[in-house]
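S.K.: Take this structure, written in structure tokens, and hold onto it; I'll ask about it next.
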Amino acid sequence: MAITYPGESAEYRAARDRLLEREIQLRRELEGVAAERRALPPGGEIPEDYVFHGADGAVRFSELFAPGLDSLVLYSFMFPRDPGDDRPGERDGACPSCVALLDQLDGSALHVAPKLSFAVIARTPAERLLAFGEERGWRHLRLFSSDGTTYNRDYLAETAEGHQRPMLNVFHRDGDTIRHFWGSELFYAPAEAGQDTRHIGTLEASWNMFDLTPEGRDPVWDEQLRYD
């Protein structure tokens, strides 16, 4: 199938066809990485059945799995934000980048619910976390406070100094055994100059949309809680 758009030059079409070949290679590579991820051997068992707190009170880690579903995806929401984050907002408040991602995942949560369990974990007290979610208008996210547990530290979402980190972790249940399956460790891997971590880059719709434009990603701009 020959693809052309109105008014394009031969130079544009030749360059675009070369780029298409690279996009095909990237798609092939992404599929290969996903296959290797699925083939990982069993990970470590969770060290304890952590007790979180949400809208309905105390909930154990094992209770986050919906009936009949054996995969659980947990996003560690940086709330409080990193002390070095000087964007507008409360110093001990929510991380704007996490909020931007969760705004998008609130819609996705509805669609993935039949196939996997998804929840958001934050260190801030449950009352504050739930109030923020309500203020933000989140309808489908399950929000839980990990305050008083070692979950964040155990799963690389908290530094030795207590600073929060935006890790995504996946767990799998096999009978009564719950194991860690995968974590977004790319966050901690060295990045080349001018790159961000992209540890969950395939989930970030906004940044991927910027990549489709001539301007690309603005190295100075970052997400905000509000755009006035």
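S.K.: Going through LEU72, LEU40, LEU30 one at a time, which residue ends up being more than 25 Å from HIS140 (Cβ to Cβ) and either touching a Gly at 6+ places or on another chain (Cβ under 9 Å) or outside any loop (DSSP other than H, G, I, E, B) (or both)?
M.R.: LEU30
S.K.: Given the criterion of a type outside the set (Gly, Ala, Ser) and surrounded by 10 or more Cβ atoms within 10 Å (Cβ to Cβ), identify the matching residue among ARG38, ARG13.
M.R.: ARG13
S.K.: Here is a follow-up. Which residue pairs have Cβ atoms closer than 6 Å, lie 6 or more positions apart in sequence or on different chains, and pair a first residue in region 44-66 that is surrounded by 17 or more Cβ atoms within 10 Å (Cβ to Cβ) with a second residue that is part of a helix (DSSP H, G or I)?
M.R.: TYR50/PHE61; TYR50/TYR151; HIS53/ALA126
S.K.: Kindly indicate whether any position in region 190-212 is surrounded by fewer than 18 Cβ atoms within 10 Å (Cβ to Cβ), without any contact (Cβ under 8 Å) to a residue 60 or more places away in the chain, among the basic types (Lys, Arg) and touching a helix residue (DSSP H, G or I) at 6+ places or on another chain (Cβ under 7 Å).
M.R.: Yes, because at least one residue in region 190-212 is surrounded by fewer than 18 Cβ atoms within 10 Å (Cβ to Cβ), without any contact (Cβ under 8 Å) to a residue 60 or more places away in the chain, among the basic types (Lys, Arg) and touching a helix residue (DSSP H, G or I) at 6+ places or on another chain (Cβ under 7 Å).
S.K.: Pull up region 43-69, narrow it to residues that are in a loop (DSSP other than H, G, I, E, B) and of a type in the set (A, V, I, L, M), then point me to the one that is nearest to PHE132 (Cα to Cα).
M.R.: Among those residues, the one meeting the criterion is ALA55.
S.K.: Something else now. If you go through region 91-107 one residue at a time, do you hit one that is more than 20 Å from the chain's Cα centre (by Cα) and without any contact (Cβ under 8 Å) to a residue 40 or more places away in the chain?
M.R.: So far as region 91-107 goes, yes, one or more of its residues are more than 20 Å from the chain's Cα centre (by Cα) and without any contact (Cβ under 8 Å) to a residue 40 or more places away in the chain.
S.K.: List pairs: first residue in region 115-141 and at negative phi, second residue crowded, with 19+ Cβ neighbours inside 10 Å and among the acidic types (Asp, Glu) anywhere in the structure, Cβ distance under 8 angstrom, at least six positions apart or on different chains.
M.R.: ARG123/GLU158
S.K.: Evaluate the following for LEU110: is it farther than 26 Å from THR159 by Cα and assigned to a helix (DSSP H, G or I)?
M.R.: yes
S.K.: Let me spell it out: the conditions are (1) in contact with a Gly (Cβ under 7 Å, 6 or more places away or on another chain); (2) exposed (fewer than 15 other Cβ atoms within 10 Å of the Cβ); (3) modelled with pLDDT of 95 or more, and PHE181 meets all of them except one. Which number is the exception?
M.R.: Every listed condition holds for PHE181 apart from (2).
S.K.: Which residue out of LEU225, LEU156 is assigned to a loop (DSSP other than H, G, I, E, B) and either hydroxyl-bearing (Ser, Thr, Tyr) or closer than 20 Å to VAL99 by Cβ (or both)?
M.R.: From the options LEU225, LEU156, the qualifying one is LEU225.
S.K.: Pairs please, first residue from region 145-164 and closer than 18 Å to GLY183 by Cα, second anywhere and aromatic (Phe, Trp, Tyr) and outside any helix (DSSP H, G or I), Cβ atoms under 6 Å, 6+ apart in sequence or on different chains.
M.R.: These pairs meet every condition: SER146/PHE52; TYR151/TYR50.
The values are calculated or read from the model by the stated rules, or taken from the named source; none is laboratory data. The model shown is predicted, which means the values in this text are computed figures rather than measured ones. For neighbour counting, all protein chains shown are included, and Cβ atoms are generated from backbone atoms with ideal geometry for every residue, glycine included.
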